[in-house]
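Each remark here refers to the structure printed beneath this line.
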There are 2 protein chains.
Amino acid sequence: MTLIVYGGSLSPFVRKVCVVMTEKGVDFKVEQVNPFAPPPEFLEISPLKRIPVLRDTDQPEPNTLSDSSVICDYIEHKFPNPPLYPKDPFLRARALWYEEYADSILAATIGPGLFFQRVVKKMMKQQPDETICAATMSDKLPPLFDYLEKEIGDRQYLVGDAFSIADVTVGTMLVNFAHAGETVDAKRWPKLAAYGQRLHERPSFKGFIEKERPLVQRFRAA
Amino acid sequence: MTLIVYGGSLSPFVRKVCVVMTEKGVDFKVEQVNPFAPPPEFLEISPLKRIPVLRDTDQPEPNTLSDSSVICDYIEHKFPNPPLYPKDPFLRARALWYEEYADSILAATIGPGLFFQRVVKKMMKQQPDETICAATMSDKLPPLFDYLEKEIGDRQYLVGDAFSIADVTVGTMLVNFAHAGETVDAKRWPKLAAYGQRLHERPSFKGFIEKERPLVQRFRAA
């Protein structure tokens, strides 16, 4: 059996899938695909031109799946242990909600507003637009961080009392926030700051962060 | 037990949830919320300002769920029969993929490009921009319909041999396409045209379409 993840390792969506497989102890390999210039044949397996795509060579062709949420659901059903989705239907739905929240609004704010400016643009030998970054930090992100601070409350994890897909997805977006050179203000959002730190200390996250950091630092210093 | 769906009945996402509950024979009621002018308290239960929201009075508060995909997953887990998600992990993932495809690109093309112009604008006493509608029909939709035509192939349903969440979601987007006064060109996309017709003849879809049609016709004629 071979599981192949196609995508760039700095993508929060690619990392999300990789963290899920790492948490489950599943072997996989990553084949780099630049989402800004995917090879023509990539569009065949990713109709929305998104990364990651997963290929499972156990399956008859077409043996690919596109969309990080779809891929994580597949991994969960193929490798149920340890479970990363709550068993209770309502808690499960809450976890899916946080996944959607992180994949949509959090990604759409941190991505173009910080990570694209400070990392991707530098990769492409362009200068970041710091006006966009400043507006993201002062106006766009605070309501989202306020929401997450309230939702985390006094819990260790977002849903119930176990690490779940909700934490994977919020956690991976916070990695890109950190890669862009920002930290969660622990005075304003103490629970979110501690929560992010807890997530990033898990071996699954830590391994990817440590591998990615030198690459990010090289781009940012260029 | 009371299940309350908050949302406007012409929304494809609200209809998606209602079709799922109808297929499962679940009782529910709909409370109208105008997504273009939601009441202030609505933002509390729908942080992304989306409709539908589901309230399940069986649950302790906060007993609401936002996002149509999250709600459908909840309904499936709370009322497993008849199942609307394939059992096999890979087929299940394929179904989720079509759900995502319909919820994102199909909705983003049919919604602003046709339904908003010809129905929502008329509701708001404005005139549709037919240039936008023409570009949708000539340029934007054809590649999506080509993709669906190929995916449906010679099957009755999109995934495996049973009606699933994939069909609910593509089907509800095609209802809005029809409400906007368009039909799938059966010469160019014979399989998609026949598939859409099959879906809309199911009692679950048919009931909603028949209830909505006079409302849509009233708006369009205004």
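The values are calculated or read from the model by the stated rules, or taken from the named source; none is laboratory data. Everything numeric here is computed off the predicted structure, so don't read it as measured data. As a convention, Cβ positions derive from the backbone with ideal geometry for all residues, glycine included, and neighbour counts pool all protein chains shown. Each accessible area value is taken on the protein alone, full model and side chains, heavy atoms only, with ligands, DNA and RNA left out. Shrake-Rupley method; radii C 1.70, N 1.55, O 1.52, S 1.80 Å.
Would you point out the residue of segment A:39-51, among those that are of a type outside the set (K, R) and open to solvent by 70 Å² or more (accessible area, probe 1.4 Å), that is nearest to A:A107 (Cα to Cα)? I'd like the intermediate steps shown before the answer.
Of the residues in segment A:39-51, the ones of a type outside the set (K, R) are A:39-48, A:51.
If we keep only those that are open to solvent by 70 Å² or more (accessible area, probe 1.4 Å) as well, we get A:40-41, A:43-44.
Numbers: A:P40: 25, A:E41: 26, A:L43: 22, A:E44: 25 Å.
Residue satisfying both the conditions and the ranking: A:L43.
Can you tell me how many residues within segment A:26-38 are under 23 Å from A:E76 (Cβ atoms) and either open to solvent by 80 Å² or more (accessible area, probe 1.4 Å) or not in a loop (DSSP other than H, G, I, E, B) (or both)?
Start the filter on segment A:26-38 by keeping residues that are under 23 Å from A:E76 (Cβ atoms), which leaves A:26-31.
Next, from what is left, pick out any that are either open to solvent by 80 Å² or more (accessible area, probe 1.4 Å) or not in a loop (DSSP other than H, G, I, E, B) (or both): A:27, A:29-31.
Adding up the residues that qualify gives 4.
Would you confirm, using the coordinates I've provided, whether A:G207 is open to solvent by less than 10 Å² (accessible area, probe 1.4 Å), small (G, A, S) and assigned to a helix (DSSP H, G or I)?
no
Are any of the residues in segment A:89-108 more than 24 Å from B:E44 (Cβ to Cβ) and outside the structural domain of A:I51 (by TED's automatic domain parsing)?
To start, the set of residues in segment A:89-108 that are more than 24 Å from B:E44 (Cβ to Cβ) comprises none.
No.
Among residues belonging to segment B:171-204 that are of a type in the set (K, R) and in a helix (DSSP H, G or I), point out the one that is surrounded by the most Cβ atoms within 10 Å (Cβ to Cβ).
Step one: list which residues in segment B:171-204 are of a type in the set (K, R), which gives B:187-188, B:191, B:198, B:202.
Pick out the ones that are also in a helix (DSSP H, G or I) and you get B:191, B:198.
Numbers: B:K191: 17, B:R198: 15.
Per the criteria, the residue is B:K191.
Pairs, please: C-beta under 8 Å, at least 6 apart or cross-chain, first residue under 19 Å from B:A134 (Cα atoms) and in segment B:162-177, second among the charged types (D, E, K, R)?
Final answer for the pair search is B:V175/B:R15; B:V175/B:E212.
Can you work out which of the residues in segment B:52-67 that are more than 10 Å from chain A (Cβ to nearest Cβ) and crowded, with 23+ Cβ neighbours inside 10 Å is farthest from A:A95 (Cα to Cα)?
Among those that are more than 10 Å from chain A (Cβ to nearest Cβ) and crowded, with 23+ Cβ neighbours inside 10 Å, it is B:P52.
Show the residue pairs meeting these rules: Cβ distance below 7 Å; 6+ apart or different chains; first residue within segment A:196-222 and within 27 Å of A:D161 (Cα to Cα); second residue basic (K, R).
Within 7 Å, the pairs are A:H200/A:K206; A:F208/A:R15.
Need the failing condition index for A:L158 against (1) open to solvent by 20 Å² or more (accessible area, probe 1.4 Å); (2) in contact with an Asp or Glu (Cβ under 6 Å, 6 or more places away or on another chain), just the number.
(1)
Can you tell me how many residues within segment A:117-139 are part of a helix (DSSP H, G or I) and surrounded by fewer than 19 Cβ atoms within 10 Å (Cβ to Cβ)?
11
Among the residues of segment A:1-25, write down those that are over 18 Å from the mean Cα position of the chain (by Cα) and open to solvent by less than 20 Å² (accessible area, probe 1.4 Å).
Matches in segment A:1-25: A:L3 only.
Which one of A:F219, A:F177, A:F205 is modelled with pLDDT under 95 and aromatic (F, W, Y)? Before the answer, list the steps.
Details: A:F177 fails: modelled with pLDDT under 95; A:F205 fails: modelled with pLDDT under 95.
From the options A:F219, A:F177, A:F205, the qualifying one is A:F219.
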